[in-house]
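Notes follow once the structure below has been shown.
The values are calculated or read from the model by the stated rules, or taken from the named source; none is laboratory data. These numbers were taken from a predicted model, which means no experiment stands behind them. Methodologically, a virtual Cβ is constructed for each residue, glycine included, from the backbone with ideal geometry; neighbour enumeration extends over all protein chains shown. Note: areas computed on protein heavy atoms with side chains; ligands, DNA, RNA excluded. Shrake-Rupley method; radii C 1.70, N 1.55, O 1.52, S 1.80 Å.
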Amino acid sequence: MTTTVDARGLSCPQPVIMTLDEIKKGSDKDIVVLVDTDTSKENVVRAATSQGCQVKDVSPEGEGYRIAIVKG
Amino acid sequence: MQAKNIFATRGGIIGVGAGIGILAAVLQKLGNPGNMGICVACFERDIAGGLGLHRADVVQYIRPEIIGFVLGSLVAAYLFNEYRPRVGSAPIVRFVLGVFAMIGALVFLGCPWRAVLRLAGGDGNAILGLAGLTFGIWVGTLFLKNGYNLGRTQVTHAAVGWMLPLIMTGFLLLMIVFPQVPNEPKSGVLFYSVKGPGSMHAPLALALIVGLGIGFLAQRSRFCTMGAIRDLVLFGQTHLLTGFISLVVFAFVTNLVLGQFKAGFAGQPVAHSAHIWNFAGMTLAGLAFALAGGCPGRQLFLSGEGDGDAAVFVLGMIVGAGFAHNFGLASSPTGVGPYGIPAVIIGLLVCLFIGFTMRRKSA
């Protein structure tokens, strides 16, 4: 199963807080984070990587990005 | 996939911090006030004065650096396809936070940018301000951990995001139509200080060019002085902090080279030594910046890339400067203003109210 974190429209640092919450507390190994700015994309990727997670894919989706993370 | 943004790397943010630190010290050499090569709060306050929103005659000048910050960011955002017009995340709350952020900053006499530039110039009072800033941001992170949130933005028309850049362009046009006349306090509709910090400024074109350059680089790197401290406290991340530290180090070295470093507490330029209120003023500013999601510089850069809520925060700061000087809330080198202390207390209570009442509805 994959959990989706929808952080679109939320400003710094909410997307990172939500991503880290899911990494620490969520049960699914695969997480998809949706963001709508490049800053959020960079911040989420940086935060996930620093938690030892693997960022599998970052692709444009709609007005923003879809970030696929696999928990480490 | 886009090309990697080199400015968002560790080396990139350090380079941008270094550039800002050097340019700020050079702007001081070119005419800006002492330890105020760049101060977002002071410069927005000067803009409020130049427009006559307050009539403190020593701090009236439309600062081209601020105009450059917004327009430089706009250019970078368009060039790199990052312009995202968006609004609707509790704009009125952001306005109020902007007002009190400015009031807190003017009790200290500087925003986070100037706090570190004061430190880099040897002003020991800045240590109290930075401690207060850190404390205020720490309080802000407690709210963030407990679900504080101003809600989502909506995508909107491109022109909505142009509003603040257009306002800034309007300010620039006013400066060209009504240029400063030596020793005259007014030119057309604009006010110009003939003495005090407002009379001290780098040449318009140079200030504008430096502002544009910093706006461009800061948009690319996401440079944020509040985020630097917040990310360390909240996530243990040092990415933005390295940029902030780089700013201090390079401003310090440049000040030494230019002979602008003078260590001490007493007699520092545009500063006072009321330690408690230096601390408390910046606590208020730090908390307001944390609740609004960015330092005053970052709010300008976000405005340039289409964030209409950040633009509302900026307007809140400019209006807050009007209140600060009209009501006697702002400090001066002689000390805290007559009503500065109650204003800080009221501001802290307002921020606590916002922090406690605005939580995420659905997890």
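Using the charge dipole of chain B (Lys, Arg: +1 at Cβ; Asp, Glu: -1 at Cβ; taken about the Cα centre), state which of B:Trp113, B:Gly267, B:Ala292 has its Cα farthest towards the positive end.
B:Ala292
No solvent, one uniform scatterer per C-alpha: report log10 I(q)/I(0) for the range B:102-259 via the Debye equation at q = 0.15, 0.20 1/Å, two decimals.
Results for the range B:102-259 at q = 0.15, 0.20 Å⁻¹ read -1.15, -1.41.
Among B:Ser89, B:Ser332, what's the order by accessible area (1.4 angstrom probe), most exposed first?
Ranked from most to least accessible, the order is B:Ser332, B:Ser89.
In whole percent, and with a 1.4 Å probe on the protein chains, what portion of the accessible area of the protein assembly as shown is carbon and sulfur?
Accessible surface attributable to carbon and sulfur in the protein assembly as shown totals 68 percent.
Please list B:Lys4, B:Lys262 in order of solvent-accessible area, largest first, computed with a 1.4 Å probe with all protein chains present.
B:Lys4, B:Lys262
Please report, to two decimal places, log10 I(q)/I(0) for chain A at q = 0.15, 0.16, 0.25, 0.27 Å⁻¹ as given by the Debye formula with identical point scatterers on the Cα atoms and no solvent.
-0.38, -0.43, -1.12, -1.32
Starting at the first residue of the range B:316-325, write each ³J(HN,Hα) from the Karplus equation 6.51 cos²θ - 1.76 cosθ + 1.60 with θ = phi - 60°, in whole Hz, x for Gly and Pro.
Each residue's phi maps through the Karplus curve to give x, 5, 5, 5, x, 5, x, 4, 4, 8 Hz.
For each pair in A:Lys29/B:Lys145; A:Lys41/B:Lys29; A:Lys56/B:Lys145; A:Lys25/A:Lys56; B:Lys186/B:Lys262, compute the distance between the two Cα atoms and list the pairs where it is over 30 Å. Kindly include the intermediate steps, with their values, before the conclusion.
Working: A:Lys29/B:Lys145 23 Å; A:Lys41/B:Lys29 39 Å; A:Lys56/B:Lys145 27 Å; A:Lys25/A:Lys56 20 Å; B:Lys186/B:Lys262 34 Å.
Violating the 30 Å Cα-Cα cut-off are A:Lys41/B:Lys29; B:Lys186/B:Lys262.
Taking the range B:155-243, which trypsin sites (Lys or Arg not before Pro) meet the DSSP loop condition and have no more than 13 other C-beta atoms within 10 Å?
Details: sites: B:Lys186, B:Lys195, B:Arg220, B:Arg222, B:Arg230; in loops: B:Lys195, B:Arg222.
Here the trypsin sites (Lys or Arg not before Pro) that fit, given the DSSP loop and packing criteria, are B:Lys195.
Determine the order of B:Ser273, B:Ser303, A:Ser27 by accessible area, beginning with the largest, at a probe radius of 1.4 Å.
If we order B:Ser273, B:Ser303, A:Ser27 from most to least accessible, we get A:Ser27, B:Ser273, B:Ser303.
List every residue whose amide H lies under 5 Å from the amide H of B:Ser332, counting only residues 5 or more places away in sequence or on a different chain, with H placed 1.01 Å from N in the peptide plane.
The answer is B:Gly337.
Comparing B:Ile167, B:Ile13, B:Ile67, which has the greatest mean-square fluctuation in the GNM of chain B with Cα pairs linked when under 10 Å apart?
Comparing B:Ile167, B:Ile13, B:Ile67 in a Gaussian network model of chain B, the most mobile one is B:Ile167.
Compute for chains B and A the buried accessible surface, both sides summed, probe 1.4 Å, and express it in Å² to the nearest 100.
Its buried surface, counting both partners, is about 2100 Å².
Just to confirm my understanding: which cysteines in chain B have no other cysteine beta carbon less than 4.7 Å from their beta carbon?
B:Cys111, B:Cys224, B:Cys295, B:Cys351
Lys and Arg at +1, Asp and Glu at -1: add these up for the other residues within a Cβ distance under 12 Å of B:Gly129 and post the number.
Taking every Cβ under 12 Å from that of B:Gly129, the sum is +1.
Over the Cα atoms of the range B:261-301, each weighted equally, I'd like the Debye log10 I(q)/I(0) at q = 0.14, 0.23 Å⁻¹, rounded to two decimals.
Cα-only, vacuum Debye calculation for the range B:261-301: -0.47, -0.81.
In debye, nearest 20: dipole of chain B around its Cα centre with unit charges on the Cβ of K, R (+) and D, E (-)?
For this selection, approximately 640 debye.
Taking amide hydrogens as modeled 1.01 Å from N in the peptide plane, which residues meet the under 5 Å criterion relative to B:Arg63, leaving out close sequence neighbours?
For B:Arg63, the qualifying residues are B:Ile47.
Return the calculated 222 nm mean residue ellipticity for chain B, to the nearest 500 deg cm²/dmol, obtained by summing -39500 (n - 2.57) across DSSP H runs with n ≥ 4 and dividing by the residue count.
When only DSSP H runs of four or more count, the value is -21000 deg cm²/dmol.
Using Stokes-Einstein with the Kirkwood hydrodynamic radius over Cα pairs, what translational diffusion coefficient do you get for the range B:57-97 at 20 °C and a viscosity of 1.002 mPa s, in µm²/s rounded to a whole number? Show your work: numbers first, answer last.
On the way: Rh = 12.9 Å.
Estimated via Stokes-Einstein, D reaches 166 µm²/s.
Which of rounded, prolate, oblate describes the range B:230-340, given a ≥ b ≥ c as roots of the alpha-carbon gyration tensor eigenvalues and a/c under 1.5 marking rounded, otherwise prolate only if a/b is larger than b/c?
oblate
Classify chain B from the C-alpha gyration tensor, please: rounded if a/c falls under 1.5, else prolate or oblate depending on whether a/b exceeds b/c.
Because its axes are fairly even, with a/c under 1.5, chain B counts as rounded.
For chain B, with a Gaussian network of springs between Cα atoms less than 10 Å apart, report the residue from B:Leu174, B:Leu241, B:Leu117 with the top mean-square fluctuation.
So, out of B:Leu174, B:Leu241, B:Leu117, the one fluctuating most is B:Leu174.
So what are the ³J(HN,Hα) numbers for the range A:50-60, from phi and the Karplus equation (6.51, -1.76, 1.60; θ = phi - 60°), rounded to whole Hz, Gly and Pro as x?
With coefficients 6.51, -1.76 and 1.60, one gets 5, 8, x, 8, 9, 8, 6, 7, 10, 10, x Hz.
Could you go through the range B:133-149 in sequence order and give the Karplus-derived ³J(HN,Hα) for each residue, using 6.51 cos²θ - 1.76 cosθ + 1.60 with θ = phi - 60°, rounded to whole Hz, and x for Gly and Pro?
With coefficients 6.51, -1.76 and 1.60, one gets 4, 5, 4, x, 5, 4, 4, x, 5, 5, 5, 4, 5, 9, x, 4, 6 Hz.
Using modelled amide H (1.01 Å from N, peptide plane; none on Pro or chain starts), what sits under 5 Å from the amide H of A:Gly64, excluding residues fewer than 5 places away?
none
What is the distance in Å between the Cα centroid of the range B:197-262 and that of the range A:2-51?
First find each Cα centre; the distance between them is then 28 Å.
Extension gain B:Val75-B:Val189, at 0.36 nm per residue separation less the Cα-Cα distance, in nm?
The B:Val75-B:Val189 span can extend by a further 38.2 nm.
Put +1 on the Cβ of each Lys and Arg and -1 on the Cβ of each Asp and Glu in the protein assembly as shown; which of B:Leu204, B:Ile92, B:Ser187 then has its Cα farthest toward the positive end of the dipole?
Sorting the options by dipole projection puts first B:Ile92.
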